[in-house]
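A.B. asks: Here it is, the structure in full.
The values are calculated or read from the model by the stated rules, or taken from the named source; none is laboratory data. Computed from a predicted model, the values in this text were never measured in an experiment. Every residue, glycine among them, receives a Cβ derived from its backbone with ideal geometry; neighbour counts consider all protein chains shown.
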Amino acid sequence: MAARELIESEPYLPTLSRMLSACDDRLAMLGLPHPRDAYREACNAPSPKEAQRWSHPAVYHAGRTLGWYRLRTSTERDTWPEFQRVYRACCRRALAGEIPALPDPPQHAEPPAADREQGRRRLRELREELKT
């Protein structure tokens, strides 16, 4: 749709870069974040990744496909081009209805009341020790 609108509105054929940019801008209308925003979201998401509130499942799946460790430790120059490619593939799959839903967040059991009370008592003891 973006390509068609761009071709119809421009007096000359648009460049490939302009076509890709128009398609990226169109993603927001379909509920998908712009690739740069998706990249930042994937890079900055704390662990556990499954427990985060993702703007779209495609962002999570692109990050998981590329590798969380790689996104966290490699430079943007190394990861951004590949993330873009992987994310666009995930977007195509999402628009076709093929992308799986987000995994269920891990269930953390509430610590027993006795453990909480013991922790509070130890914290009070440490505060008293540090006062002197």
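A.B. asks: Answer yes or no as to whether Ala28 is in contact (Cβ under 8 Å) with a residue 12 or more places away in the chain and in a helix (DSSP H, G or I).
C.D. replies: Numbers: in contact (Cβ under 8 Å) with a residue 12 or more places away in the chain: no; in a helix (DSSP H, G or I): yes.
The answer is no for Ala28.
A.B. asks: Same structure, new question: Yes or no: segment 9-16 includes at least one residue that is under 15 Å from the mean Cα position of the chain (by Cα) and of a type in the set (S, T, N, Q). First the steps, then the outcome.
C.D. replies: The first filter runs over segment 9-16 and keeps only residues under 15 Å from the mean Cα position of the chain (by Cα), leaving none.
Checked against the condition, which is being under 15 Å from the mean Cα position of the chain (by Cα) and of a type in the set (S, T, N, Q), segment 9-16 yields no hits at all.
A.B. asks: Does Ser55 satisfy the condition of being of a type in the set (Gly, Ala, Ser) and assigned by TED's automatic domain parsing to the domain that holds Leu6? Walk me through how you get there before you give the answer.
C.D. replies: Values: of a type in the set (Gly, Ala, Ser): yes; assigned by TED's automatic domain parsing to the domain that holds Leu6: no.
Criteria not met by Ser55.
A.B. asks: Quick check on my filter: what residues within segment 69-88 are in a helix (DSSP H, G or I) and surrounded by 15 or more Cβ atoms within 10 Å (Cβ to Cβ)? Steps first, answer last, please.
C.D. replies: We begin by selecting, within segment 69-88, every residue in a helix (DSSP H, G or I); these are 69-73, 76-88.
Once the filter is applied, which keeps residues that are in a helix (DSSP H, G or I) and surrounded by 15 or more Cβ atoms within 10 Å (Cβ to Cβ), segment 69-88 yields Leu71, Thr79, Trp80, Glu82, Phe83, Gln84, Val86, Tyr87, Arg88.
A.B. asks: Follow-up question, since we're still on this one. Could you tell me how many of the residues in segment 49-64 are closer than 16 Å to Pro33 by Cβ and either among the small types (Gly, Ala, Ser) or surrounded by fewer than 16 Cβ atoms within 10 Å (Cβ to Cβ) (or both)?
C.D. replies: 5
A.B. asks: Consider segment 14-40. How many of its residues are surrounded by fewer than 19 Cβ atoms within 10 Å (Cβ to Cβ) and closer than 18 Å to Glu76 by Cβ? Talk me through it step by step, then tell me what you get.
C.D. replies: In the first step, residues of segment 14-40 are kept if they are surrounded by fewer than 19 Cβ atoms within 10 Å (Cβ to Cβ); the result is 14-21, 23, 25-26, 28-31, 34, 36-37, 40.
The next check asks that each one be closer than 18 Å to Glu76 by Cβ; those that pass are 34, 36-37, 40.
Qualifying residue count, segment 14-40: 4.
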